[in-house]
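The values are calculated or read from the model by the stated rules, or taken from the named source; none is laboratory data. Computed from a predicted structure; not experimentally measured. Cβ: placed from backbone, ideal geometry, glycine included. Neighbour counts: every protein chain shown.
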Amino acid sequence: MLRTLLFLLAASLGALLPASTGASPSASPVLPLGETAPALAGHVEALLDPGRTLTLDDVLDPAVETRFSPVQTDPPSFGFIPDRVWLRARVRNALDVPRAWVIDFNMNFMQGIEAWIVRADGTAEILLHQDLASPFPSRIIPTDQLAARFALAPGETATLYVAYWSGGATALPLEIVSEADFVETATVDTAKVFAFYGMMLLLATAGLISAIVTRQPIFLAYVAYALSLALYLAQMDGAAFHYLWPGAPAWNGFATLPLGAAVVAFSALYVRAFLRRYPIHPLLRGAVVALAATAVLILALSAVVDTQLLKQVILLVASLSPIVFVAAGASAARTSPREVRFFIIGWSAAVLSGLSMIASHMLGLSISRSFALDSIRTVVVFEASMMGLAIIDRFSQLREASYRSLQTANEALRERIALQDRLAALEIRYGEARTMAEARGQRLADAAHDLRQPIHALRMSLHGMLSGAPENGSEAPGKDTIERSFTYLEGMLADYLASADPDAEPAGKSLESEQNPVQDVLDGIHGMFAADAEAAGMELRLVPTSARMSASPLKVMRIVSNLVSNALKYAATGRILVGCRHVGGNLAIEVHDEGPGLTPDQYSEAAARTARLDAAADGPEGHGLGLSIALKAAEEIGATLEHLPRPGGAGFRLLLPSG
């Protein structure tokens, strides 16, 4: 079943051509040979030998000769059949001098091919014999392509017979050229061969050196791809049999299959390595891997399936795979067009090369051997060059991206160092405030209390920002949040120091303005306490608001921060909610927690104290100092701080003056 499916796949291509033999047994006209190469179209007749049993003597029998029919295609082609094909053409020397010509078969190898010339007196002379046991040195004309020489006397007429079989495609693009033209063409072709393979070897060497220098495996994938492609083309054009394994005709008859499979596999591996870091469609990524697997499978099937059929299949796969690679490159170009531009250009050229190979080797279209080989070699060199440039261009783009990333990282580092310097200066001033608090009384003691927790929270936030790895997986605070925290603390310190030191520069009213956004206060609270809340396993939730207030943001933040600080210390678990609402025409900022709470009596006692509650006392430890500071600060701005008794937590409401 598998053999049948593969045969039908290959045969479907042959079905694109009409049948090569006609129904009429009439003989073709004699072909006159002159100085220039004549066209064989219309002068060739064919006979199919399904059992491969006919000999030249059988064919010369008048009863068999009548079975020859004119060939309807140019070049002669009969699809994918296992038959032996007999061709004949009558030729005549149209010159008045003896002359030699060459039958150029435009094929580097056949499973079996023979050619004879039968003269008018019935004598036959063998011109060519080649099969799977014929080494390259046995060729009478030692060129990459099969050829046979014959000579005719002036005006002499003779019949040329060619018998061949391939087990696959039966297209045979033969032509008759003068001996001088054949020698000239062969010389030029040899020069092209050395130039082409020299260029491919140079590209492979450059890739190998790059692999050693950069230690990047993608260059090794490129080298494997380029060498396999060069070997495959060397097998296709006959250079491999001529120069690499001239004494191994049996291997030469089989080599097209493993070399074609190597091209498909290594090109797919190269494409996979090149596009590995780019987001491409999963189907296309899978198709690239499937091509490599298909090549390996086809090679494995050669043990049980007709190799000639598999050769046609691998040629088809190798020729059409660039279409998949172009599609994969186009998918990657959606996000990285600059990095894959040469990749797409190179494989687009490979699509043309693949279609040319299909047209020349599988469909049997009338394409001259010289043009077909020259176009394929040119495209292959261009394609391989583009692949090399694609790798170089990709690394260049990566270096540029790395350089830009390094610049960004350096700028961020400078900003963080500047913030760290500001924090150090702030801590120095904090130390000064503590010293002054010890000497100047309760107001500066309150300052020390107010500033201790915000500075601690800011230090944690900045540490997480500098290390790049915030604790508990939380997101590092943004620069705007940290900047607001700095502004708050610097303004508060300036305010305290100015009030405590008559010689200090007045703090001014830099943080006071008409109708300040309440959200700025909430953002500052979040920046100072979010890290501590998460570390304690608590949720600090701030309800966004568009409300505005006429009170000083600095003093409002001082009040709210004391309330949130107390909630963090003594609620221990649960959620802390901070938000604002309108109550009786006034704006209220509320702080609620889910801790043990305070009774009205405990609240009154804590509010009246100037030190924190005793650890052994009935109420929560530590509410005293922070709460008394918040109450005093509220009184200074004409606001009211209310206690909201409720079960399962503590609640406070700061009623701000309107207008």
* Asked: Is there any pair linking a residue in segment 419-434 that is in a helix (DSSP H, G or I) to one that is surrounded by 15 or more Cβ atoms within 10 Å (Cβ to Cβ) and of a type in the set (Ser, Thr, Tyr), with Cβ under 7 Å and at least six apart or on different chains, and which?
  -> 433/496
* Residue within segment 72-80 that is at pLDDT 90 or above, assigned to a loop (DSSP other than H, G, I, E, B) and over 30 Å from residue 234 (Cα atoms) present -> no
* To do: Give the residues of segment 74-89 that are closer than 18 Å to residue 103 by Cα, buried (at least 19 other Cβ atoms within 10 Å of the Cβ) and not hydrophobic (A, V, I, L, M, F, W, C), sorted by residue number.
  => 75, 76, 77, 88
* Kindly indicate the residue of segment 266-313 that is closer than 26 Å to residue 245 by Cα, in contact with a Ser or Thr (Cβ under 8 Å, 6 or more places away or on another chain) and not polar (S, T, N, Q) and also modelled with the highest pLDDT among those meeting that condition. => 266
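Let's see how each residue does on (1) among the hydroxyl-bearing types (Ser, Thr, Tyr); (2) under 54 Å from the mean Cα position of the chain (by Cα):
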{"site": "58", "(1), (2)": "no, no"}
{"site": "63", "(1), (2)": "no, no"}
{"site": "66", "(1), (2)": "yes, no"}
{"site": "73", "(1), (2)": "yes, yes"}
{"site": "86", "(1), (2)": "no, yes"}
{"site": "89", "(1), (2)": "no, no"}
{"site": "92", "(1), (2)": "no, no"}
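Take residue 299 and tell me if it is within 30 Å of residue 252 (Cβ to Cβ) and surrounded by fewer than 22 Cβ atoms within 10 Å (Cβ to Cβ).
Answer is yes for this residue.
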* Structure fact -> Pairing a residue in segment 116-133 that is farther than 15 Å from residue 91 by Cα with any residue that is surrounded by fewer than 18 Cβ atoms within 10 Å (Cβ to Cβ) and hydroxyl-bearing (Ser, Thr, Tyr), where Cβ atoms lie under 6 Å and the two sit 6 or more apart in sequence or on different chains, gives none
